Amino acid sequence: MLNAVRLLADFIDSLPIEEGPESTEDHEGFLHPIKFSGAVREASLNVLIRDHDQVKFEEKKARIKAMADKYNLQYGEGTCKITVKDYYSNMAVYLAKTPKVVEIAKQAYKDCGLEVNIRPIRGGTDGARLSAHGLPCPNLFTGGFNFHGVFECIPVPSLLKAEEVTIAIGKLSAGVQSLE
């Protein structure tokens, strides 16, 4: 008898801890198990695979598939099934094609008395999804803190400044014929 929970626990344990988001930073990619469920007969796992570098991203996906192949070889075909869905793309590829969008955002920040500080983030965003579908959307800092945690918040002055920037972007965008 195979215990699916034990096999999946072993699979998770095989993911290099030094490649987890808790052990990486900046432009380093990561493998991040985010959801686990199951019982003795069947178990499932969701793993986020992120990387700024497309080649390294593909390598990470291939390593996960190779891990599944190892289990199938050891325990029998179909023991480990992998489904890979590309959910977030690196939005830099799309924004490079539409530099006007970023220029408008930078000007809006300056017009609102804010310093422009462009820094890539490691997480997936709605802007990445929209950019991949043809609507270029750079991420704009809103002044929030502690994202995705129980203490996530945004101070009212930051929220008001974000509103000001949004209005400035609207004004700067009015009449723009092309984003390229």
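The values are calculated or read from the model by the stated rules, or taken from the named source; none is laboratory data. Remember, it's a predicted structure, so these values are computed and weren't measured experimentally. Note: ideal-geometry Cβ built from the backbone for every residue, glycine included; neighbour counts use all protein chains shown. For accessibility, only protein heavy atoms count, side chains too; no ligands or nucleic acids. Shrake-Rupley method; radii C 1.70, N 1.55, O 1.52, S 1.80 Å.
Ordering V102, V93, V84 from largest to smallest accessible area (1.4 angstrom probe), what's the sequence? Working shown, then result.
Working: V102 35, V93 85, V84 60 Å².
Ranking V102, V93, V84 by accessible area, largest first, yields V93, V84, V102.
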Per-residue ellipticity at 222 nm attributable to helices in the chain (runs of n ≥ 4 DSSP H, -39500 (n - 2.57) apiece, nearest 500 deg cm²/dmol) works out to -13500 deg cm²/dmol
Note down the relative contact order for the chain as a percent, whole number, built from C-alpha pairs under 8 angstrom at least six residues apart.
-> 16
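At 1.4 Å probe radius, can you tell me the per residue accessible area of the range 115-180 in Å²? Walk me through the numbers before you get to the answer.
Details: 4960 Å² over 66 residues.
Using a 1.4 Å probe on heavy atoms only, each residue of the range 115-180 averages 75 Å².
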Between I34 and E18, how many nm apart are label points set 7 Å from Cα along the C-beta direction?
-> 2.6
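Students often get this wrong, so check it: of K110/K171; K65/K85; K85/K106; K35/K61; K61/K97; K61/K106, which have C-alpha atoms separated by over 23 Å? Can you show the working numbers first?
Numbers: K110/K171 14 Å; K65/K85 12 Å; K85/K106 33 Å; K35/K61 17 Å; K61/K97 26 Å; K61/K106 35 Å.
With Cα atoms farther than 23 Å apart: K85/K106; K61/K97; K61/K106.
Might you report the magnitude of the Cβ-based charge dipole of the chain about its Cα centre, with Lys and Arg at +1 and Asp and Glu at -1, to the nearest 20 debye? Working shown, then result.
On the way: 21 positive and 24 negative charges, 88 e Å.
Its charge dipole is roughly 420 debye.
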Can you list the residues of the range 73-112 with backbone N under 18 Å from a point 7 Å past the Cα of F141, pointing along Cα to Cβ?
-> 102-112
Label of the coordinate-derived value, Rg and Dmax of the Cα atoms in Å, listed as (i) 23.4, 85; (ii) 18.0, 62; (iii) 20.9, 67 = (iii)
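Let's see if you can work this out: charge +1 on each Lys and Arg Cβ, -1 on each Asp and Glu Cβ, no other charges. What is the dipole magnitude of the range 100-180 about its Cα centre, in debye to the nearest 20? Before the final figure, lay out each step's value.
Working: 8 positive and 8 negative charges, 32 e Å.
Taking the Cα centre of the range 100-180 as origin, the dipole is about 160 debye.
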If unit charges are put on Cβ atoms (+1 for Lys and Arg, -1 for Asp and Glu) and the dipole of the range 58-180 is taken about its Cα centre, the option from T98, L114, C80 lying farthest towards the positive end turns out to be C80
Förster-model FRET efficiency, 25 Å R0, F151 and N117, C-beta, rounded to 0.05 | 0.65
With +1 on each Lys and Arg Cβ and -1 on each Asp and Glu Cβ, and nothing else charged, work out how big the dipole of the range 9-67 is about its Cα centre, in Debye to the nearest 20.
-> 420
For the range 1-133, with all protein chains present and a 1.4 Å probe, just round the carbon and sulfur fraction of the accessible area to a whole percent.
-> 51
Pairwise label distance in nanometres, V176 with N72, each label 7 Å out on the Cα-Cβ vector = 4.6
